[in-house]
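Please treat every number below as a calculation from the coordinates, not as lab data. Every value quoted in this text rests on a predicted model; they were computed, and no experiment measured them. Ideal geometry is used to build each Cβ from the backbone, glycine not excepted, and the neighbour counts take in all protein chains shown.
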Amino acid sequence: MTERPRPDERELKHLELLQSVISRLSNNSFLVKGWCITLNSVLVAVADRSAGWRSIPVAVAVAVGFWLLDGYYLRQERLFRALYERVVDRRDDPPPAFTMDAERYGGPVSWASVLLSRPMLFCYGVLATADTLLVLFLG
């Protein structure tokens with residue numbers, strides 16, 4: 001088994017920068033999920049307290065909007081993870097030093113694969129489905 005040479009200080013700093021971006025994107029995704037569930041719960045509670053059901057379609061729109069926003073963060077996180085792996089692997093065609101262009105050097109990550117991933121469907125798909133069923137039954 002061949003042993004890889006140890007990364008130099010520049011490579012370590014680049015990996016630290018990429019890891020900090022990945023951590024921020026992951027944290028943003030977590031916060032978006034929390035806000036979505038909170039706002040959705042408030043809108044459903046308002047609809048339950050009032051005689052009307054008009055705030056439920058807004059809850060569906062909120063769930064879908066946050067689904068798209070979280071999809072953006074998750075896609076960016078996956079792109080930066082791919083870039084991180086590429087820098088670590090030191091492939092034949094390494095990206096330029098200190099590049100943060102994950103779109104170009106990170107690899108292909110499709111929107112559909114992100115938006116329809118299990119965690120996204122479990123969180124936002126359940127919310128949007130539940131809200132839609134409320135509209136159908138209350139409307």
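Across segment 97-107, computed HN-Hα scalar couplings (Karplus, 6.51 cos²θ - 1.76 cosθ + 1.60, θ = phi - 60°) run 4, 6, 6, 10, 7, 5, 5, 7, 9, x, x Hz from first to last residue, x flagging Gly and Pro. With no solvent and one point per C-alpha, what does the Debye sum give as log10 I(q)/I(0) for segment 9-138 at q = 0.11, 0.22 Å⁻¹? After summing over all Cα pairs, the log10 values are -0.50, -1.16.
Shown for Cys36, Cys123: other C-beta atoms within 10 Å of each C-beta, ranked fewest to most, produce the order Cys123, Cys36.
Of the residues Phe80, Gln19, Leu134, the one whose Cα sits farthest toward the positive end of the charge dipole of segment 9-138, with +1 on the Cβ of Lys and Arg and -1 on the Cβ of Asp and Glu, is Leu134. Taking only the Cα atoms of segment 29-77, the radius of gyration and Dmax are 12.3, 42 Å. In this label model, Leu138 and Leu15 are separated by 5.1 nm, measuring between points 7 Å along each Cα→Cβ vector. Backbone geometry of segment 65-80 corresponds, through the Karplus equation with coefficients 6.51, -1.76 and 1.60 at θ = phi - 60°, to 3J(HN,Hα) couplings of x, 5, 4, 5, 5, 5, x, 4, 5, 5, 5, 4, 4, 5, 5, 5 Hz, x marking Gly and Pro. When +1 charges are put on Lys and Arg Cβ atoms and -1 charges on Asp and Glu Cβ atoms, the dipole computed for the chain relative to its Cα centre reaches about 260 debye.
The residue list Pro95, Trp35, Ile56 was ranked by how far each Cα lies along the charge dipole of the chain toward its positive end, using unit charges on Cβ atoms, and Ile56 comes out on top.
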